[in-house]
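Report on one structure; see the data block that follows.
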């Protein structure tokens, strides 16, 4: 097993904690990602031999601004240099009500690591590193499961208490290309068939779908899994697609992921959601997206991408100007490329043309604006919009090529009126 490493800059904090006889243990995603050779700046640290987060806050204050927003959930956050640190105390979670948040939490800083890790969802997330003795803690054989590419629950009984864990399982299986262990698969399917996804707030569902789309090398893996787990009883829009359309969408989704590296995160997510919805009707797309988010701008942009029609056979500058008025062309070309990879060379040429026209990232700037009409002696009225839209149409048709030509056209129109 390779030697475990963490940022050396943390040792000053660990030494300070040690002065108070507090034992820090690195846990969760940072430890898991180390064994997957993934670099991370989000680090979870579980603190033993201390029973109060208030004491932790005081100790950490000298290292930067301590954020106590998560204290009600048993977490204190510290942004230290470029690292996001979450400090928590070992605890037990007891199920007291339905849903993802229906748990009673009891802190016990003197419990051993194995007992504390029993509350975690998967063995790959139940690995720790004891800083004081420099030792990997692996009570549930999570490292073995990572090596074997298997996703396994720490405790099947406790796993079934939290409906979110079903979606998290699909996310991890897709992100790290893992096979879900058969007993966990059976339990997850039973939970979904019992309707647990309906107990989750849309924000949590969206977060997992977002991770699937942005972090999975092949997001199609997740949606095949969701289908096999009967999750389309909840995401019922997918049941309207026949096998051919479903597979076409999955192929396009993986294409989109492969070609989207140059996009910034919001655009990348918009693109992937649009491809995911590309085979839906308008109504199906709306109902699906509303299960994930109330972000009207995102829903609107996804709709524009999926509903904007494009004829590859008859592309003129005017066509590009018109499309650029609806949706950002750079994003739209990515969408077309994902759906029609065989048109790649044509799309490359269109991208170059749009770049030359200055409309790859924004629509064509109109020569004339309201102030030009006022300067020409016109009084603001409903006619303003007619004049401006007519001028803009002539500009897109390249009948008006400069601001001067547009002003001359306006002058003639004013004289004639």
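The values are calculated or read from the model by the stated rules, or taken from the named source; none is laboratory data. This structure is a prediction, so every number in the text was calculated from the model and none was measured. Counting neighbours? That spans all protein chains shown, and the Cβs are built from the backbone with ideal geometry, glycine included.
In region 407-417, which residue that is exposed (fewer than 11 other Cβ atoms within 10 Å of the Cβ) and in a helix (DSSP H, G or I) is nearest to the chain's Cα centre (by Cα)?
Among them, the one singled out is 412.
Would you check if residue 404 is without any contact (Cβ under 8 Å) to a residue 12 or more places away in the chain and either surrounded by 15 or more Cβ atoms within 10 Å (Cβ to Cβ) or assigned to a loop (DSSP other than H, G, I, E, B) (or both)?
It is false that residue 404 is without any contact (Cβ under 8 Å) to a residue 12 or more places away in the chain and either surrounded by 15 or more Cβ atoms within 10 Å (Cβ to Cβ) or assigned to a loop (DSSP other than H, G, I, E, B) (or both).
Any residue at all in region 45-66 that is surrounded by fewer than 18 Cβ atoms within 10 Å (Cβ to Cβ), at pLDDT below 95, touching a helix residue (DSSP H, G or I) at 6+ places or on another chain (Cβ under 7 Å) and under 29 Å from residue 172 (Cβ atoms)?
no
Please find, among 46, 57, 62, the residue that is assigned to a strand (DSSP E or B), at negative phi and either assigned by TED's automatic domain parsing to the domain that holds residue 168 or more than 26 Å from the chain's Cα centre (by Cα) (or both).
46
Applying the selection to region 289-298, what residues are assigned to a helix (DSSP H, G or I) and buried (at least 19 other Cβ atoms within 10 Å of the Cβ)?
289
Check residue 99 against each of (1) at pLDDT 95 or above; (2) under 29 Å from the mean Cα position of the chain (by Cα) and name the one condition it does not meet.
Exception for residue 99: condition (1).
Please specify each residue of region 112-129 satisfying the condition of being surrounded by 17 or more Cβ atoms within 10 Å (Cβ to Cβ), over 24 Å from residue 166 (Cα atoms) and out of contact with any helix residue (DSSP H, G or I) (no Cβ under 7 Å at 6 or more places or on another chain).
113, the sole residue that qualifies.
Filter region 19-42 down to the residues that are in a helix (DSSP H, G or I) and out of contact with any strand residue (DSSP E or B) (no Cβ under 8 Å at 6 or more places or on another chain), then identify the one that is surrounded by the most Cβ atoms within 10 Å (Cβ to Cβ).
For region 19-42, the residue satisfying everything is 32.
Inspect region 240-249 for any residue being under 14 Å from the mean Cα position of the chain (by Cα), in a helix (DSSP H, G or I) and modelled with pLDDT of 95 or more and give the result as yes or no.
No, because not a single residue in region 240-249 is under 14 Å from the mean Cα position of the chain (by Cα), in a helix (DSSP H, G or I) and modelled with pLDDT of 95 or more.
Taking into account only those residues within region 102-149 that are in contact with a strand residue (DSSP E or B) (Cβ under 7 Å, 6 or more places away or on another chain) and at pLDDT below 90, which is farthest from residue 21 (Cα to Cα)?
102
Look at residue 324 and say whether it is within 20 Å of residue 363 (Cα to Cα), at pLDDT 95 or above and not assigned by TED's automatic domain parsing to the domain that holds residue 211.
It is true that residue 324 is within 20 Å of residue 363 (Cα to Cα), at pLDDT 95 or above and not assigned by TED's automatic domain parsing to the domain that holds residue 211.
Which ones in region 67-89 are surrounded by 13 or more Cβ atoms within 10 Å (Cβ to Cβ) and either over 29 Å from the mean Cα position of the chain (by Cα) or modelled with pLDDT under 90 (or both)?
67, 68, 70, 71, 74, 75
Please specify each residue of region 132-157 satisfying the condition of being farther than 20 Å from residue 36 by Cα and either assigned by TED's automatic domain parsing to the domain that holds residue 49 or in contact with a helix residue (DSSP H, G or I) (Cβ under 9 Å, 6 or more places away or on another chain) (or both).
132, 133, 156 - these are the residues of region 132-157 that are farther than 20 Å from residue 36 by Cα and either assigned by TED's automatic domain parsing to the domain that holds residue 49 or in contact with a helix residue (DSSP H, G or I) (Cβ under 9 Å, 6 or more places away or on another chain) (or both).
Given (1) in a loop (DSSP other than H, G, I, E, B); (2) under 13 Å from the mean Cα position of the chain (by Cα), identify the lone condition not met by residue 218.
The single condition residue 218 does not satisfy is (2).
Can you give me the number of residues within region 135-154 that are touching a residue at least 60 places away in the same chain (Cβ under 8 Å) and in a loop (DSSP other than H, G, I, E, B)?
Number of matching residues: 0.
Could you please let me know if residue 252 is farther than 24 Å from residue 150 by Cα, in a helix (DSSP H, G or I) and either touching a residue at least 12 places away in the same chain (Cβ under 8 Å) or over 21 Å from the mean Cα position of the chain (by Cα) (or both)?
yes
Does region 302-312 hold any residues that are outside any loop (DSSP other than H, G, I, E, B) and either on the phi > 0 side of the Ramachandran plot or over 16 Å from the mean Cα position of the chain (by Cα) (or both), and which are they?
Residues satisfying the conditions are 303, 304, 305, 306, 307.
If I ask for residues that are in contact with a helix residue (DSSP H, G or I) (Cβ under 9 Å, 6 or more places away or on another chain) and free of Cβ contacts under 8 Å to residues at least 60 places away in the same chain, which ones from region 191-206 would you list?
191, 192, 193, 195, 196, 197
Could you list, in sequence order, all residues of region 376-398 that are loosely packed, with under 11 Cβ neighbours inside 10 Å and over 42 Å from the mean Cα position of the chain (by Cα)?
Residues satisfying the conditions are 377, 379, 380, 381, 382.
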